[in-house]
1. Among the residues of region 208-249, what is the count of those that are without any contact (Cβ under 8 Å) to a residue 40 or more places away in the chain and open to solvent by less than 10 Å² (accessible area, probe 1.4 Å)?
2. Tell me, please, whether a residue that is surrounded by 14 or more Cβ atoms within 10 Å (Cβ to Cβ), at pLDDT 95 or above and not in a loop (DSSP other than H, G, I, E, B) can be found in region 59-73.
3. Does residue 183 fit the bill of being of a type in the set (A, V, I, L, M, F, W, C), under 24 Å from residue 285 (Cβ atoms) and open to solvent by 50 Å² or more (accessible area, probe 1.4 Å)?
4. Within region 150-165, which residues are more than 17 Å from residue 95 (Cα to Cα) and either modelled with pLDDT under 95 or open to solvent by less than 80 Å² (accessible area, probe 1.4 Å) (or both)?
5. For region 348-377, what are the residues that are among the hydroxyl-bearing types (Ser, Thr, Tyr) and open to solvent by less than 50 Å² (accessible area, probe 1.4 Å)?
6. Tell me which residues, restricted to region 77-93, are open to solvent by 20 Å² or more (accessible area, probe 1.4 Å) and either touching a residue at least 60 places away in the same chain (Cβ under 8 Å) or among the hydrophobic types (A, V, I, L, M, F, W, C) (or both).
7. Test residue 326 against the stated conditions and say whether it is open to solvent by 70 Å² or more (accessible area, probe 1.4 Å) and of a type in the set (A, V, I, L, M, F, W, C).
8. Looking at region 257-294, which of the residues that are open to solvent by 20 Å² or more (accessible area, probe 1.4 Å) and touching a Leu at 6+ places or on another chain (Cβ under 6 Å) is nearest to residue 26 (Cα to Cα)?
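The values are calculated or read from the model by the stated rules, or taken from the named source; none is laboratory data. Worth saying up front: this structure is predicted, and the values here are computed from it rather than measured. Cβ: placed from backbone, ideal geometry, glycine included. Neighbour counts: every protein chain shown. To get the accessible areas, we keep the full protein, side chains included, count just its heavy atoms, and leave off ligands, DNA and RNA. Shrake-Rupley method; radii C 1.70, N 1.55, O 1.52, S 1.80 Å.
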Amino acid sequence: MEFPAMVVFAFLVLQVTFALASPDCDFPVVFNFGDSNSDTGAISAAFEPIRWPYGDVFFNKPSGRDSDGRLIVDFIAERLRLPYLSAYLNSLGANFRHGANFATGGSTVRKPNETIYEYGISPFFLDMQVTQFEQFKARSNDLYNQAKNPSDREKLTRPEDFSKALYTFDIGQNDLAMGFRKLSIDQLRAALPDIVNQFASAVQRLYKLGGRSFWIHNTGPFGCLPVNQFYTLNPAPGILDEHGCIKAQNDISMELNNQLKAKLEKLRAELPEAAITYVDVYAAKYALISNGKTQGFPNPLKVCCGYHVRYDHVWCGTKAPINGSLVFGDACENRAQYVSWDGVHYSEAANHFVANHILNGSLSSPPIPITKACHRS
């Protein structure tokens, strides 16, 4: 039996209204899965450390983050009044009482077919991150139950908190990066359903492991990353949009996001106890870039850290010979005026802008703030 569209719409409005009227959720822990946009130290711990000037705006030292300061996941922790997440792979100084971060820089949704030494693609793709979480949960529960003293449990996630946790995702950008590098546009478009299905499979696995509240970011406007234009100084007419972004790449980003949103709508019906929130990070990031001048970012596609002059490139925090001189990829002044930190990753100022525009629920489906993301609607 099919219900009239107005009846369905009214039912959805009632559900959202109920969720908004509900009390704030008590998320004691957060578990994050993703790539460098939310990695708080894993890839730096597993491979070569991220060096200065990364991290020097907020942390005053390298913090394992691909930014000058905080990431969106850090602002999520602040909003939920939780400590910043320790990276799962960081063996020193980690505290997992309030969750763990399984994201690693360079991670993909799909299993990669290249090594990290080629293009920086991480071996810890999404399915592997979920496997790490499964091991983390089992091991944490064992250690917690075996502990003889309360002090032995202080840095462990409590067993009852796994079902109360917020499970956050920010991944997909590197699947596009790898696709644009190796495939034609048509081939990449044909691969999108598999990316989305594997993303959904990760959510389903976490649901079976007890996860109930999911906060899922879509991917940002890939065509607006300055790195994509470093080697195309004179693009042909029609390649760029009115804001200087590569149109074809943004079109693929939006298509991936549309398919992800549709898939998550189906998952809501398949997972009866899950509260799944789809978050339009693309809209927030593109709004920042397209309206940068009015938001305090006078040149949204200009890179803060690194030396990039015509075809000479020295990446942020590294040294390279240019015209017989050794050049250091240093950071800019007035960093709060830059959207792009290093050509690939966003600055803390930009991450703060995006966080302020997504955590209130105005760009979410259903439109509820992160503080109410445990309520199914």
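1. So the count comes out to 1.
2. yes
3. Yes: the conditions hold for residue 183.
4. 163
5. 364, 365, 371, 377 - these are the residues of region 348-377 that are among the hydroxyl-bearing types (Ser, Thr, Tyr) and open to solvent by less than 50 Å² (accessible area, probe 1.4 Å).
6. 79, 80, 82, 89, 92
7. Spelling it out, residue 326 is indeed open to solvent by 70 Å² or more (accessible area, probe 1.4 Å) and of a type in the set (A, V, I, L, M, F, W, C).
8. 280
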